1. Check every one of the helices (runs of 4 or more DSSP H) wholly within the stretch A:89-206 and list those with 1 or more residues that are more than 14 Å from chain B (Cβ to nearest Cβ) and without any contact (Cβ under 8 Å) to a residue 12 or more places away in the chain.
2. For the stretch B:26-74, which positions are surrounded by fewer than 17 Cβ atoms within 10 Å (Cβ to Cβ) and hydrophobic (A, V, I, L, M, F, W, C)?
3. Name the pairs: first residue in the stretch A:269-292 and within 14 Å of chain B (Cβ to nearest Cβ) and among the aromatic types (Phe, Trp, Tyr), second residue in a helix (DSSP H, G or I) and open to solvent by 20 Å² or more (accessible area, probe 1.4 Å), Cβ to Cβ under 6 Å, at least 6 apart or on different chains?
4. Can you pull out every residue in the stretch B:208-220 that is more than 7 Å from chain A (Cβ to nearest Cβ), surrounded by fewer than 20 Cβ atoms within 10 Å (Cβ to Cβ) and of a type outside the set (Asp, Glu)?
5. Within the stretch A:221-230, how many residues turn out to be surrounded by fewer than 24 Cβ atoms within 10 Å (Cβ to Cβ) and more than 8 Å from chain B (Cβ to nearest Cβ)?
6. Does any residue of the stretch A:239-250 turn out to be open to solvent by less than 30 Å² (accessible area, probe 1.4 Å), more than 10 Å from every other protein chain (Cβ to nearest Cβ) and at pLDDT 95 or above?
There are 2 protein chains.
Amino acid sequence: MKIKNVSILGAGTLGTRVALQAALSNYKVTIYDINPKALEASKKQMANIVNQLAKSSGLDPESGLNAIQTITFTDSPMVAVRDADIINESVVENVKVKNEVWELFGQIAPEKTIFTTNTSFLLPSMFAEISGRPEKFCALHFHDVFYAKGVDIMPHPGTDPSLIPILQEFGRSLEQVPVVIQKENHGYLFNAMLGAILSTAGKLLANKIANFEDIDKSYMVNFRVEMGPFAIMDSIGLDTVWHVTVNNNEESSKSFATILRKMLDEGKAGVKSGEGFYKYPNPAFKSPGFLN
Amino acid sequence: MKIKNVSILGAGTLGTRVALQAALSNYKVTIYDINPKALEASKKQMANIVNQLAKSSGLDPESGLNAIQTITFTDSPMVAVRDADIINESVVENVKVKNEVWELFGQIAPEKTIFTTNTSFLLPSMFAEISGRPEKFCALHFHDVFYAKGVDIMPHPGTDPSLIPILQEFGRSLEQVPVVIQKENHGYLFNAMLGAILSTAGKLLANKIANFEDIDKSYMVNFRVEMGPFAIMDSIGLDTVWHVTVNNNEESSKSFATILRKMLDEGKAGVKSGEGFYKYPNPAFKSPGFLN
């Protein structure tokens, strides 16, 4: 089958980015959210991203803004899935909400529609049955679409294997690098590895082995990259990092969760709040003298 | 104190690189090995590195080769430490051997000499007492000196704190980025984080979550780096990776160790043997189509 019409459920950060990339790749895109304000914010955010891409990767801003104009923004489920070839669901990371969404859309989507979930840490088997078409259900998980361009394809045991090459091709058409996860795994591949790095860095800090700047420096200089684990945590958001950390039962994870909780209570949630481990918009790790 | 005379014990891969960088940084360098053949090989290896640096970072090859000529290569312990301001010990990662070396050099080194060990996973407190001068004993651990330019400074509880700024300054003078580890920790900072990445990747493979290429792809594309964990393992050497993995008690680490053992039995030890997870000198992960 040839995918032409793409339906994105949920107009948050990731849904917005996937919808924009799909429009830039000449798909006919509809983005749905239950909240009309989220749709407005999504459209504005798309224009911001187009302007950033115009600077960073030479996208023609006019054709970018024109692509946004081709997108249908809707709070109507019926409009959202009318003639959809594929749904990519990016609603909030909550099992109950995702179940409700898939129960509804499973009933109203055309028979041809492929169902994919963009969940970060949940598993497709948790929603496949309630969608009413488990064989057409698969995880299709994007990272940030424009910088980190991996896309995870993770079937559950009931997924029709013929779906995999279709999703690989779809991922490539969105300028992503597809990888196939052969068995369901919380966090796919990359998030599992990233989680290990962040949790190890957090334990080094909690155990007072070194300060966070030295841990970041060590990572940056030896891997020759521009961000260390604490800078990455700031960009993810310390609320999210705390959430993952507090659910880990190791003693040193608990200590690191306590450090994060204290920071959050002081209003330090990372880049989005202006301060986390570092202060923004000019964090120390970006200053020329940091690696001295 | 001003460090002028640097004595390197052990003319293996890392000792050779530290000695060369010290000579390039205008220190008076002596490199010691019990085995004269290792000294010959070290000198040849230094010339190879100078030629590589001439290509990769614009080092003047003549001044590089001249720097090698200033180095004293010796199998005599007495010559090795005559007038040494600092010793950096890079002998084999074996407690018994390191103890013998520090017992000997503790007796014959001048009183002024600072003692440092370049151990990767052992702790300075294991050798501080036998050296006879625990207050002057500290870990000073290099990565690969010319590419990964971090240097770990890790005191043991008995190290004189005034040593730390001297070692930081010494590290900087060797064009390295020093970080201070406040409490002894196996693997310092970077090796602890690297170990977490490699062990998580190994478990993903052992648990058949994905093939090694997809795990590497996911890492490479989302972090935007040129090597994934399995490529890194090949460059470290699968014998070393096996050694670390087999000593980890988790079930999935044991399964990964079994995979590595089988590869080693087939002669696949990584880059140095021509094959590991990838085949060398032209591994698939470096081919332009790998991220498709």
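1. A:95-108
2. Result: B:34, B:41, B:47, B:54, B:65.
3. From residues that are within 14 Å of chain B (Cβ to nearest Cβ) and among the aromatic types (Phe, Trp, Tyr), the pairs are A:290/A:284.
4. Going through the stretch B:208-220, the residues more than 7 Å from chain A (Cβ to nearest Cβ) turn out to be B:211-213, B:216, B:220.
In the following step, the residues that additionally are surrounded by fewer than 20 Cβ atoms within 10 Å (Cβ to Cβ) were identified as B:211, B:213.
Selection gives B:211 alone.
5. Final tally of qualifying residues: 2.
6. First, the residues of the stretch A:239-250 that are open to solvent by less than 30 Å² (accessible area, probe 1.4 Å): A:241, A:245.
Now restrict to residues that are more than 10 Å from every other protein chain (Cβ to nearest Cβ): A:241, A:245.
Subsequent filtering for residues that are at pLDDT 95 or above retains none.
No, every residue in the stretch A:239-250 fails to be open to solvent by less than 30 Å² (accessible area, probe 1.4 Å), more than 10 Å from every other protein chain (Cβ to nearest Cβ) and at pLDDT 95 or above.
Let's see how each residue does on (1) at pLDDT 95 or above; (2) crowded, with 21+ Cβ neighbours inside 10 Å; (3) among the charged types (D, E, K, R); (4) within 14 Å of the chain's Cα centre (by Cα):
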| position | (1), (2), (3), (4) |
| --- | --- |
| A:92 | no, no, no, yes |
| A:125 | yes, no, no, no |
| A:129 | yes, no, yes, no |
| A:132 | yes, no, no, no |
| A:147 | no, no, no, yes |
| A:155 | yes, yes, no, no |
| A:161 | yes, no, no, no |
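The values are calculated or read from the model by the stated rules, or taken from the named source; none is laboratory data. Predicted, not measured: the structure shown is a model, and the values here were computed from it. Reconstructed Cβ throughout: ideal geometry from the backbone, glycine too, with neighbour counts over all protein chains shown. Quick note on the areas: whole protein, heavy atoms, side chains included, nothing else; ligands and nucleic acids left out. Shrake-Rupley method; radii C 1.70, N 1.55, O 1.52, S 1.80 Å.
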